[in-house]
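The values are calculated or read from the model by the stated rules, or taken from the named source; none is laboratory data. Computed from a predicted model, the values in this text were never measured in an experiment. Glycine also receives a Cβ, built like all others from the backbone with ideal geometry; neighbour counts cover every protein chain displayed.
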Amino acid sequence: MGITVRNLNGTSDRDCACGTWIRHWEKFSGTTTGICARSVCLNPATVGAHVKKSTGDDHAHYIVPMCHACNGKRDAIFNLRDGTRLIAANVAETCAKTSKPQATRILEEVLKLNRIP
Ligand SMILES: [Zn+2]
Ligand SMILES: [Zn+2]
C-alpha cells in the first residue's frame with residue numbers, strides 16, 4: 001500500500017530556482033520523471049505537483065511528478081505508486097540552499113566563524 005496524499009490547490013504560481021517544479025523534483029530525487037505518481041494513472045508525468053500527506057503528523061508540502069490531468073484535480077486524495085519519491089517543496093531546505101553563489105556561502109561561513117557569542 002503506497003502513501004496517500006492530498007493534491008494542494010493554488011500553488012502553481014509559486015516558484016523555485018530550478019525553473020519548474022518537475023525540474024526541482026528531478027534535481028533532488030536524482031532521477032528523471034516517467035509516469036504520473038498516482039498509482040492508478042499511466043499518463044506521462046509533465047508537472048511537479050504540490051501534495052501533502054493525508055494521514056499522520058507530517059504536514060510538510062512535497063513535490064511529486066504528475067500528469068496534467070491529475071494535477072488539475074483540486075483537493076483530490078491520491079494513492080501514490082509504490083516507490084514514489086517525495087521531495088520537499090520547501091525551497092529553504094532544497095534549492096535555495098544549493099543555488100546561492102559560492103561567494104555568498106563562503107562569506108556566510110566566515111561570518112559564522114567570527115560571530116561573537
Ligand atoms: Zn527548486
Ligand atoms: Zn495522472
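Of all the listed residues (Asn71, Asn43), the sole one being out of contact with any Lys or Arg (no Cβ under 6 Å at 6 or more places or on another chain), surrounded by 12 or more Cβ atoms within 10 Å (Cβ to Cβ) and more than 23 Å from Thr94 (Cβ to Cβ) is Asn43.
Here are Gly10, Gly83: which of them is more than 12 Å from ligand 1 (Cβ to nearest atom), at pLDDT below 90 and loosely packed, with under 13 Cβ neighbours inside 10 Å?
Gly10
Keeping to the range 23-50, report how many residues are among the charged types (D, E, K, R) and closer than 17 Å to Asn79 by Cα. So the answer is 1. Any residue at all in the range 31-47 that's away from ligand 2 (no atom under 14 Å from the Cβ) and not aliphatic (A, V, I, L, M)? Yes, that holds for at least one residue. Criterion applied to Thr4, Thr20 was being touching a Leu at 6+ places or on another chain (Cβ under 8 Å), at pLDDT 85 or above and within 22 Å of Lys73 (Cβ to Cβ), and the one residue passing it is Thr4. For the range 58-67, the criterion of a residue being at pLDDT 95 or above, more than 15 Å from Ser29 (Cα to Cα) and touching a strand residue (DSSP E or B) at 6+ places or on another chain (Cβ under 8 Å) is satisfied by at least one position. For beta carbons closer than 6 Å, sequence separation of 6+ or different chains, a first residue in the range 83-95 that is more than 14 Å from Lys53 (Cβ to Cβ) and a second that is of a type outside the set (Ser, Thr, Tyr), the qualifying pairs are Val91/Cys16; Thr94/Phe28; Thr94/Ala88; Cys95/Cys16; Cys95/Ala17; Cys95/Cys18. Cβ-Cβ distances below 9 Å connect the following pairs, each with a first residue in the range 32-54 that is free of Cβ contacts under 8 Å to residues at least 24 places away in the same chain and in a loop (DSSP other than H, G, I, E, B), a second residue that is within 16 Å of ligand 1 (Cβ to nearest atom) and not aliphatic (A, V, I, L, M), and a separation of six or more residues or different chains: Thr32/Glu26; Ala45/Trp25; Ala45/Thr33; Ala45/Pro65.
Looking only at residues in the range 46-57 that are away from ligand 1 (no atom under 16 Å from the Cβ) and touching a strand residue (DSSP E or B) at 6+ places or on another chain (Cβ under 7 Å), which one is nearest to Asn9 (Cα to Cα)?
Lys52
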